[in-house]
1. Name the residue, out of A:18, A:98, A:218, whose mean-square fluctuation peaks in a Gaussian network model built on chain A with Cα pairs under 10 Å.
2. Would you grab the residues whose amide H sits under 5 Å from the one on residue B:130? Only those 5+ places off in sequence or on another chain, please, with H modelled 1.01 Å from N.
3. Just tell me how shielded B:170-181 is by partners: mean number of partner chain Cβ atoms within 10 Å of each residue's Cβ, no decimals.
4. If you take every DSSP beta bridge whose two residues both sit in the protein assembly as shown, what share of them, in percent to the nearest 5, is antiparallel?
5. Please compute one quarter of the surface area of the Cα convex hull for chain B and express it in square nanometres.
6. Hey, in the GNM for chain B with a 10 angstrom Cα cutoff, which one of B:43, B:170, B:240 fluctuates hardest?
7. Say the dipole of the stretch B:70-141 comes from +1 at the beta carbon of Lys and Arg and -1 at that of Asp and Glu; which of B:126, B:82, B:98 then lies farthest toward its positive end?
8. Give me the tail of P(r) for the stretch A:71-141 as a percent: Cα-Cα pairs with distance above 19 Å.
Number of protein chains: 2
Amino acid sequence: MTAAEELRPRPVPGAAELRLLALPGIPLVGAGDDLAAMIADAVERGGERLRDGDVLVVAQKVVSKAEGRVARLADVRPSERAHAVARATGKDARIVELVLAESDDVVRAAHDVLVVAHRLGFVMANAGIDQSNVGPGDGDAVLLLPRDPDASCARLRSALRTRAGVDVGVIVNDSHGRAWRNGTVGVAIGAAGVPALVDLRGRADLFQRHLRATEVGLADEIASAASIVMGQADEGRPVVLVRGVPYERRDGCARELVRPRERDLFR
Amino acid sequence: MTAAEELRPRPVPGAAELRLLALPGIPLVGAGDDLAAMIADAVERGGERLRDGDVLVVAQKVVSKAEGRVARLADVRPSERAHAVARATGKDARIVELVLAESDDVVRAAHDVLVVAHRLGFVMANAGIDQSNVGPGDGDAVLLLPRDPDASCARLRSALRTRAGVDVGVIVNDSHGRAWRNGTVGVAIGAAGVPALVDLRGRADLFQRHLRATEVGLADEIASAASIVMGQADEGRPVVLVRGVPYERRDGCARELVRPRERDLFR
């Protein structure tokens, strides 16, 4: 298979049902916790068994917590630049300092808006830094994104293979705003064992015409689907088992979804 | 309930499984076809019965076909402006003419790129005009978006209520590119009977902190989820039954998802 062909997983014919199950009873996650063990236990509690080809979508927050990606605002000394951006946005200068440290570039700064190019490549608000749901009594703590979410996914996938003997895909999802649409949607910031981008270019349509420019952000679509059952606030359902994704598997990663700056008309 | 409260549907506690079933055997759709009847038949063929609260996601193409939203390139006389944009983009001037006629504004024009603000408000490539899957022998035909996709959804919802006695939500989905990410994802261009935007602002998180700026594009997430099982090319699975969306219903519409131009930093 050529490299181009490898980017073109075929939908599996006939497969047309997708199930998403938020795993019950995932406990509060802390630094150093074994997420793979928690997930395997929760799958069992849900009366399920993992199968080859299942995809597990894990909320960014619990991955960040397990990896200890917490910063304390009391420890942050904002730079001059952070103070200037804080004035322009009306945000806390200590949070701005952390956002800038996590980012390669400020894309837009306006009142209550700080959109950056995260060092991972994602254009997103506030570099994904989050004060909600960090932990009880952690008023001063904020969560950063995992250092390398694709690697986090690959580790989880490998740990689940060892533990359960199955080859699953793993996606870490987060909620991102969009340029032209209201509301956030789930997107993939990490992926392993599942194609993040599916290249359908050159496939014939129903009437044998040539399809053009059809690359599908499959991992983002799965991330959005999982987000529906995760809920956003106090639900505490951070892991979703997805069964029936009708595409052949390959070693994808979320970096496939990042549009290179030189091909981006909207920065 | 105040208007603001009505925008805040609560997730239903405990509900944590979502099922998406692509309905089997939807025939080729032509102008004037009764989509509600086709859908009801396909639900039955799939061994299912519609229930209150189910959401049906219908691909834009079949809605456009049923509504006869076909244009013939031979009938199009491109304007001077269309010729100029065609030169800048390398696109067919007749298609550009149709794109401009469907749009309020050109957002970006570059080689092989024509992003516009559709008259419906959506910022999207080529005003959603599509040459693939129009019909056999229709080499000269292109499909336009439905004239009012929110109204299309409301009509389908009403027809299914009459026919099956159930109150379902309906979403018309399309595939859109994104500003900063590779690949298209399913988005809602029409909706009825389901909240398109869910306002979680002010809800407490797991640790009773205040959540800020959390509006979720729920209808877009459902549209993306359905897109996974629809496939993009020759699968012919244009209607997806979604069961288990864990949010209270209200009369939403996809226009909620359009960011007003004056609040859009990326045009």
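Read-outs throughout are calculated quantities, based only on the coordinates presented, and are distinct from any laboratory measurement. What you are looking at is a predicted structure, and each value in this text was computed from that prediction instead of being measured. When we count neighbours, we look across all protein chains shown, and the Cβ atoms used for this are built from the backbone with ideal geometry, even at glycine.
1. A:18
2. Hits under the 5 Å cutoff: B:143.
3. Numbers: counts 0, 0, 0, 0, 0, 5, 3, 4, 13, 10, 18, 17.
For peptide B:170-181, the averaged partner shielding equals 6.
4. On the way: 71 of 83 bridges.
The antiparallel fraction comes to roughly 85 percent.
5. Numbers: hull surface 63.6 nm².
Its Cα hull, projected and averaged over all orientations, spans 15.9 nm².
6. Greatest mean-square fluctuation among the candidates belongs to B:43.
7. Farthest towards the positive end: B:82.
8. On the way: 746 of 2485 pairs.
The share of Cα pairs beyond 19 Å in the stretch A:71-141 comes to 30 percent.
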